1. For the chain, what does the relative contact order come out to in percent, with C-alpha contacts under 8 Å and a separation of six or more?
2. For the stretch 113-118, take each phi angle, set θ = phi - 60°, evaluate the Karplus expression 6.51 cos²θ - 1.76 cosθ + 1.60, and give the result in whole Hz per residue in order, putting x for glycine and proline.
3. 7 Å from Cα along Cα→Cβ at both Ile116 and Ile75: what's the point-to-point distance in nm?
Amino acid sequence: MLFILASWWYGDGLKRFWQLASERMTRTADYFSIGLLLKTLFNPFRQISNVNLRPDAPMDVKFRAFGDKLLSRFIGAFMRTLMIIIGGICLLFILIFTLIGMILYFISPILPLIFIIMFFVGFGNGGQNVQL
């Protein structure tokens, strides 16, 4: 019985733990749309120019439209970069907590044994055995 439990814990259970962790990271990356933000990094944020450019438009109108689009691209790049950084930080936290969870997952079956040994050795009271 103990062997079957251990084989499930370190076999199918570990596989399921890793699947859940990878799904969590995928959902977070999808929530922040990191891939899409990288593809559209320098696209205009919003079209703030109301100018409908014609080939025969005056030069000042063309410069104003160019400046509007350039400003819109800078704002878009800044906002997208900020969201990519925030999403990356969230992914990093998820990865750190997943690794901590993985370590705890590996040692949790033997923790009761470790605690019993620590109790009898007297760990936690300066190495001195308690006199009853």
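1. Relative contact order comes out at 27 percent.
2. These are the phi-based 3J(HN,Hα) values: 5, 4, 5, 5, 4, 4 Hz.
3. It works out to 6.7 nm between the two label points.
Read the figures in this text as sums done on the coordinates, not as results from a lab. Predicted, not measured: the structure shown is a model, and the values here were computed from it. Quick reminder, even Gly has a Cβ in these numbers, built from the backbone with ideal geometry, and neighbours come from all protein chains shown.
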